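The values are calculated or read from the model by the stated rules, or taken from the named source; none is laboratory data. Keep in mind that what you see is a predicted model, and the values were worked out from it rather than measured. Cβ atoms come from the backbone with ideal geometry, glycine included; neighbour counts cover every protein chain shown.
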Amino acid sequence: MSFRSFFAIVLLALYGTLAWTPSASAQAPRPAEQPAAPARTPAASSLPGAATSLQETHGDWVVSCALQGASKRCGLTQEHTNQQTRQRVFAVELTPVGDKVEGVLLLPFGLVLDQGVALQVDDQAEGQPLRFRTCLMAGCLVQVTFDARQAAALRGGTALKMRVTPEGGPSTVLAISLKGLGAALDRTIALAR
C-alpha cells in the first residue's frame with residue numbers, strides 16, 4: 001500500500017468522511033457570476049517550488065504534505081513490511097499539533113482487541129494500554145496522543161515499542177524506529193505553516 005493510500009485511509013478513519021469536490025464544469029458558475037477569488041497568503045496555500053504535494057524522507061520517516069483546496073495536510077509516516085511477502089505488517093502516521101503529537105497506528109488483524117496496545121519509548125516505563133478505535137479493510141486503528149513530555153521522549157529515543165497480543169499467543173513487541181523523527185516533526189511543522 002502506498003503512502004498516499006495509507007494517508008487517505010487514515011484521514012477517512014479519523015475524520016469520518018472525505019470531502020469530494022465535483023468536477024470543475026459542474027461547480028463553476030458562469031463567468032459573469034464568478035465571485036472574486038479569495039485572497040490566499042503564500043505561506044498558507046503553497047509548498048516549496050509551488051508544488052501541490054511533496055514527500056521527503058528523514059531517517060526512517062516519510063514527511064508528506066499536500067494542498068487540498070485552500071488548506072494543507074501534512075504528516076509523517078513509517079510503514080513496516082514483511083520482507084518475504086512484501087505485505088504491510090503495521091504503519092504509523094503522526095501529526096504535530098502545538099506541543100503535542102497526535103496520530104494513528106495501523107496494526108494487523110489477528111490481535112486480541114480487548115488487550116489494546118501498550119506503548120513504551122526505549123526502556124522507559126510502559127504506558128497504559130490504548131484501545132483499538134476500529135478495524136477497516138487495511139487493518140485495525142489505534143488513535144495516539146503524545147503530550148509535550150512524551151513527544152520530547154520520542155524525539156530523544158531510538159524505538160517506540162508496541163506491546164500487542166496475537167490471538168492464541170503470548171504478547172509480542174513491534175518496534176517503530178525513531179531515527180529521524182525529530183527532523184521529520186520539525187519539517188512537518190515548517191511545511192504546515
Point to revise | Which numbered condition G127 misses (of (1) within 28 Å of K72 (Cα to Cα); (2) without any contact (Cβ under 8 Å) to a residue 60 or more places away in the chain; (3) touching a strand residue (DSSP E or B) at 6+ places or on another chain (Cβ under 6 Å)) | key: (1)
Check your understanding: Can you name every residue in region 37-51 that is part of a loop (DSSP other than H, G, I, E, B), modelled with pLDDT under 50 and either under 17 Å from D186 (Cβ atoms) or aliphatic (A, V, I, L, M) (or both)?
Key -> A37, A39
Review point. So, of the residues in region 46-99 that are basic (K, R) and closer than 27 Å to L160 by Cα, which turns out to be surrounded by the most Cβ atoms within 10 Å (Cβ to Cβ)?
Key: R88
Revision key, fill the gap. Flagged in region 139-193 as of a type in the set (V, I, T) and closer than 24 Å to A66 by Cα, in numbering order, are V142, V144, T145, T188, I189
Point to revise | Criterion: aliphatic (A, V, I, L, M) and within 21 Å of G59 (Cα to Cα) - qualifying residue of V164, V89 | key: V89
Point to revise | Count of residues meeting criterion [part of a loop (DSSP other than H, G, I, E, B), in contact with a strand residue (DSSP E or B) (Cβ under 8 Å, 6 or more places away or on another chain) and touching a residue at least 12 places away in the same chain (Cβ under 8 Å)] in region 79-118 | key: 5
Study note, to complete from the structure: Flagged pairs (Cβ under 8 angstrom, 6 or more apart or on separate chains; first in region 145-168, among the acidic types (D, E); second surrounded by fewer than 16 Cβ atoms within 10 Å (Cβ to Cβ)) are D147/D99; D147/K100; E167/G110; E167/V112
Check your understanding: Of the conditions (1) surrounded by 13 or more Cβ atoms within 10 Å (Cβ to Cβ); (2) modelled with pLDDT of 95 or more, G127 fails just one. Which one is it?
Key -> (2)
Review point. Residue check: is Q120 buried (at least 16 other Cβ atoms within 10 Å of the Cβ), over 21 Å from A183 (Cβ atoms) and not hydroxyl-bearing (S, T, Y)?
Key: yes
**Study point:** Residue within region 145-159 that is outside any helix (DSSP H, G or I), among the hydrophobic types (A, V, I, L, M, F, W, C) and either within 26 Å of V63 (Cβ to Cβ) or at pLDDT 95 or above (or both) present
**Key:** yes
Revision key, fill the gap. Within region 163-185, residues being outside any loop (DSSP other than H, G, I, E, B), in contact with a helix residue (DSSP H, G or I) (Cβ under 9 Å, 6 or more places away or on another chain) and loosely packed, with under 15 Cβ neighbours inside 10 Å number 0
Exercise for review: Quick one: in region 54-78, of everything that is of a type outside the set (A, V, I, L, M) and not in a strand (DSSP E or B), which residue is nearest to the chain's Cα centre (by Cα)?
Suggested key: D60
Practice item. Would you check if T134 is surrounded by fewer than 17 Cβ atoms within 10 Å (Cβ to Cβ), among the β-branched types (V, I, T) and over 17 Å from P108 (Cβ atoms)? Key: no
Check your understanding: Do you know which residues across region 52-70 are of a type in the set (G, A, S) and within 15 Å of T188 (Cβ to Cβ)?
Key -> S53, G59, S64, A66
